[in-house]
Amino acid sequence: MSSTDVKHSIAGFYYQVMLACKELALLLNMSTSDESYVAVEYGADVRIYDDKDIRMEAKFYNDNTFTRYKEAITHSIYNFFVSFKGSTSQVRYRFKCNVPANVKDLQFFGGWITPTEITEKVKYIKECFVYESVGKDPIKDGEYKSFQTYYDSMYPKKKKPHYKQALIKHLAAQSDPAEYVKYIIPSLIFDDPELARFIQQIDFDFPQAKVSKYESIANLKNSIDLELTKYNGSLTAEERNKIMLLLLEAFLDSTVTADSNVRTIKLADCKAIIANHQTQPLRHFYKDEYQELIKEIEQELSDYEYILRKSEYSEHVDDIMSILIGLKEQLHSDMDHFGADKVLRRFVMARRSYPLEVMRLFQSITEMMVKTNRHDESASVVDVEHLNNMQIGEKLRFSLRTLPAARSARSDANLIMNNFIDHTQENFEMSKAMGGETIIFDTDSDICQLPLDQINNTIIDIYKVKDNKQHQEFYKSFRYRCTKCLKLSFKGKCPFLQELKGD
């Protein structure tokens with residue numbers, strides 16, 4: 001099972017900020033103090049300070065359940081305890097997750113604070129500390145290394161031994177509880193009553209069934225809208241949307257400043273934003289045209305998900321939408337920073353913005369990732385090297401290109417080549433080329449079957465590179481492919497697809 005710590009990805013960070021917005025909106029209708037606040041990356045992924053000080057870690061899993069020994073949760077327990085050592089009983093620690101606990105651990109987490117089970121929970125906290133400690137000195141090169149040597153001698157034929165799991169089983173079989181101390185770093189060694197007090201301050205928030213990242217963000221938006229309506233029933237849908245964007249901007253600004261005075265967004269700040277929303281400009285999401293682009297993309301995502309759920313590929317919806325929402329948020333972030341036209345022209349061979357064409361490219365890539373069992377790998381459109389604009393995992397890099405849907409040239413391989421060369425020349429992209437990049441076109445033409453001499457002749461005949469031998473060699477070196485075989489609907493055989501599958 002793979003998990004994603006929300007602060008480690010752009011899409012996850014967007015979820016984190018949306019979660020903070022929702023918690024602040026809840027305080028509007030629940031808190032009695034204007035000094036109450038919510039913060040992002042301020043002692044926790046999300047921190048809510050009201051009558052209690054709640055420090056929340058948010059995790060996303062790709063699988064359908066989580067288990068007690070996965071690194072995301074054991075590391076969160078460690079983070080909680082580091083904070084707990086210097087805190088008061090007012091502090092609460094919350095582990096929030098998008099999937100339920102595995103059946104075998106459901107009762108364990110569901111009945112977390114049960115007096116009769118405190119002994120078992122204390123042992124679990126120690127196990128979490130062991131998981132964290134074996135990667136740190138002096139345990140790493142001391143007792144843990146000795147255990148690895150012992151385990152290898154006991155099971156010499158194991159090709160990929162899982163030392164951590166083996167160590168936990170070994171410790172569970174020991175009659176002396178003090179045995180755990182040998183594998184825990186000194187700063188985490190505390191007596192059982194102190195650990196029992198820590199356990200009382202933890203709670204878990206997970207659903208009954210898996211919720212995708214796409215669904216989670218949609219649910220957060222609905223919750224924010226509902227709380228704003230409760231707070232002021234006269235606000236229109238458009239006004240509520242602008243207030244949400246203003247709150248998003250406030251939280252985003254709070255995470256990039258070193259000034260501790262603005263690290264938190266107080267309830268008083270939230271009320272001021274609502275009161276002044278009509279005159280307060282959006283600084284990051286300020287252009288109407290940009291907002292229209294975002295709406296188009298959101299509608300396309302919604303339509304695409306609807307069609308997938310009705311199709312024979314409905315079992316892949318969550319994996320596809322999880323990747324797609326991540327790419328969408330990266331696209332939003334870059335559009336906000338560099339401008340929509342500049343970012344979209346990385347993908348669309350045209351002189352103006354076509355956001356839906358970019359999303360269709362992303363749809364093909366996400367479907368390919370599911371087909372080739374890469375849905376657990378990261379997909380990024382940010383800071384990709386050379387002529388590429390898409391990276392999957394550590395090794396796969398592509399340059400995705402398309403033409404507007406209405407262009408007749410989409411159906412002809414030679415015309416697509418002409419447009420690609422024109423576009424890369426006009427935008428001075430060849431200065432970034434390394435040679436040998438894989439160029440993937442969104443087309444039904446068989447561009448990948450064009451004979452090499454025909455490609456070479458096409459390149460040489462194009463006026464813009466006729467006298468530029470270096471650029472000619474670059475264009476000849478590229479691997480030209482199409483999106484046909486990448487889609488779930490493709491049932492045939494294709495060398496490119498086989499290559500991606502590793503066959």
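The values are calculated or read from the model by the stated rules, or taken from the named source; none is laboratory data. None of the values given here were measured: they were computed from a predicted structure. Glycine gets a Cβ as well: all are built from the backbone with ideal geometry, and neighbour counts include every protein chain shown.
Applying the selection to the range 345-385, what residues are aliphatic (A, V, I, L, M), surrounded by fewer than 21 Cβ atoms within 10 Å (Cβ to Cβ) and within 17 Å of His423 (Cα to Cα)? Passing the criteria: only Ala350.
Counting only residues that are more than 30 Å from the chain's Cα centre (by Cα) and either in a helix (DSSP H, G or I) or modelled with pLDDT of 90 or more (or both), the range 396-423 holds 15 of them. Scanning the range 300-341 for residues that are over 20 Å from the mean Cα position of the chain (by Cα) and modelled with pLDDT under 85 yields Phe338, Gly339, Ala340, Asp341.
Of the set (1) farther than 27 Å from Gln449 by Cα; (2) in a helix (DSSP H, G or I); (3) of a type outside the set (S, T, N, Q), all apply to Asp376 but (2). Total residues in the range 298-340 satisfying the condition of being over 22 Å from Glu249 (Cβ atoms) and surrounded by fewer than 17 Cβ atoms within 10 Å (Cβ to Cβ): the figure is 11.
Determine which member of the set Glu227, Glu239 is over 26 Å from Leu106 (Cβ atoms), in a helix (DSSP H, G or I) and free of Cβ contacts under 8 Å to residues at least 60 places away in the same chain. Reasoning before the result, please.
Values: Glu227 fails: free of Cβ contacts under 8 Å to residues at least 60 places away in the same chain.
When all the criteria are applied, what remains is Glu239.
Inspection of the range 185-196 finds no residue satisfying the criterion of being surrounded by 11 or more Cβ atoms within 10 Å (Cβ to Cβ), more than 34 Å from the chain's Cα centre (by Cα), of a type outside the set (Val, Ile, Thr) and over 28 Å from Ser83 (Cα atoms).
Here Ser212 passes the criteria (1) polar (S, T, N, Q); (2) closer than 23 Å to Tyr15 by Cβ; (3) surrounded by fewer than 18 Cβ atoms within 10 Å (Cβ to Cβ) except the one numbered (3). Every residue in the range 98-128 that is among the hydroxyl-bearing types (Ser, Thr, Tyr), more than 32 Å from the chain's Cα centre (by Cα) and in a helix (DSSP H, G or I), please. Thr116, Thr119, listed by residue number. May I ask you to list the residues in the range 43-57 that are of a type in the set (A, V, I, L, M) and in a strand (DSSP E or B)? Answer for the range 43-57, where residues must be of a type in the set (A, V, I, L, M) and in a strand (DSSP E or B): Val46, Ile48, Ile54, Met56. Among the residues of the range 147-173, those identified as among the polar types (S, T, N, Q) and surrounded by 11 or more Cβ atoms within 10 Å (Cβ to Cβ) are Gln148, Gln165.
Each row is one residue, and each column tells you yes or no for (1) over 25 Å from Arg351 (Cβ atoms); (2) among the charged types (D, E, K, R); (3) surrounded by 13 or more Cβ atoms within 10 Å (Cβ to Cβ).
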position	(1), (2), (3)
Leu403	no, no, yes
Gln425	no, no, yes
Val465	no, no, yes
Gln472	no, no, yes
Ser477	yes, no, no
Phe490	yes, no, yes
